[in-house]
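Read the figures in this text as sums done on the coordinates, not as results from a lab. Worth saying up front: this structure is predicted, and the values here are computed from it rather than measured. Neighbour counts are summed over all protein chains in view; Cβ atoms, including those assigned to glycine, are modelled from backbone coordinates with ideal geometry.
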Amino acid sequence: MVTGRALHFVFKIADRGLTAKFYREILGMKVLRHEEFSDGCDAACNGPYANRWSKTMIGYGPEDSHFVIELTYNYGIKSYELGNDFQGITIRSSDVIERAKKNNWPISYDNDIAVLQAPGGYKYYVINQPQSDNKDPVEKVTLSSSNLDKSIAYWKDLLAMKVYDQNDSKVVLGYGDNQTKLELKLIGTEINHAKAYGRIAFGIPYDEQPAVQKKMKETNNKILTDLITLETPGKASVRVIILADPDGHEICFVDEEGFRQLSVPDYPSEAILDKAIKKDPSV
């Protein structure tokens, strides 16, 4: 049994300045913490790159109560090829639509839902309803599935997620009623992750991580990175295990205890990010 909490989704970004503008001025998120690294991540957090990189956590509230976005920036990388693996993130907020209009950010529509594209082409679906004061505006992350039966067998039966909604073309799963959900949508073709692929992260108790590892090995499911402790200079260490579902979507299970210490908001990071953008020689 997995006792999980939805944490964040990881994007690789190429234009850090414009991306920061989109998340702060259009989506209205706040920088929660920003960290610079001189070498690549041992768990490939920034993809298959060994060079200098940065990580920015940004969202509508602290990471212990909100689903947030992790923006990973690899110095010197100018673009990432998009695949068909990521469908979008859904947010409930009329404020976002108003800010987009005010700032002349392009808006398209999928039925009655506004669609905004972040730099790099990542889509956000925005429901035009007031943002609740006591509920996270981020409702769900939608990924592609080539075979819903296989996806459900993995996420529900192996990872112990609850099914909240299901039909012939999609399934919505989660670890809690008040958490951001994962939606898997059938696209009827092979999943291509290309170069821009992301990663979804969940927190689970430290003591439950070995059981997840054991179950994956016993069922011959893919482990991309076995249990490993990651260090962040000056902050708490966390232990992670990185998995891949039948379609190759990357999943990070972080130890809940260490992550709650690591993810304490560091609001001066806003200024640190701006300084790093300004000094970036690769722009």
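Can you return the aspartates and glutamates within cross-link range of K78? Criterion is Cα-Cα under 13 Å, with same-chain partners fewer than 8 residues away left out.
Reachable aspartates and glutamates: D15, D280.
How about K30: which aspartates and glutamates have a C-alpha closer than 16 Å to its C-alpha, ignoring those fewer than 8 places off in the same chain?
E63, D64, E70, D95, D133, D136, D266, E270, D274
State the antiparallel share, in %, of DSSP beta bridges confined to the chain, rounding to the nearest 5. Mind dumping the intermediate values first?
Details: 48 of 70 bridges.
Within the chain, antiparallel bridges account for around 70 percent of the total.
What does the helix-only formula give at 222 nm for the chain: each DSSP H stretch with n ≥ 4 adding -39500 (n - 2.57), the total divided by the residues, and the result rounded to the nearest 500 deg cm²/dmol? Intermediate results must be reported in sequence, preceding the final value.
Details: 6 runs with 48 residues, N = 283.
Taking each H run of at least 4 residues, the total per residue is -4500 deg cm²/dmol.
Please compute the contact order of the stretch 5-277 in relative form: average sequence separation of alpha-carbon pairs under 8 Å and at least six residues apart, divided by the residue count, as a percent.
Over the stretch 5-277, the number comes to 21 percent.
Which order, highest average first, do 273-281, 124-132, 191-199 follow once you tally other Cβ atoms within 10 Å for each residue and take the mean per peptide? Can you show the working numbers first?
Working: 273-281: 13.6, 124-132: 15.9, 191-199: 18.2.
Ranking, from highest mean packing down: 191-199, 124-132, 273-281.
For E270, what is the net charge nearby, where nearby means another residue's Cβ is under 12 Å from its Cβ and Lys, Arg count +1, Asp, Glu -1?
For residues surrounding E270, the net value is +2.
State the Cα centre-to-centre distance between the stretch 170-234 and the stretch 69-112 in whole Å.
Each part reduced to its Cα centre gives a spacing of 22 Å.
Ranked by Cβ crowding within 10 angstrom, fewest neighbours first, how are H8, H66 ordered? Spell out each step's value before the answer.
Numbers: H8 28, H66 19.
Fewest-to-most Cβ neighbours within 10 Å comes out as H66, H8.
May I ask what percent, to the nearest 5, of DSSP beta bridges between residues of the stretch 150-283 are antiparallel?
Details: 18 of 24 bridges.
For the stretch 150-283, the DSSP antiparallel bridge percentage is about 75.
With the cut-off at 32 Å, tell me which of the pairs K135/K217; K170/K222; K55/K181; K21/K195 have Cα atoms farther apart than that.
K135/K217
Express the Stokes-Einstein translational diffusion coefficient of the stretch 5-277 in µm² s⁻¹, to the nearest whole number, given a Kirkwood radius over alpha-carbon pairs, 25 °C and a viscosity of 0.890 mPa s.
Values: Rh = 19.0 Å.
Reported coefficient: 129 µm²/s.
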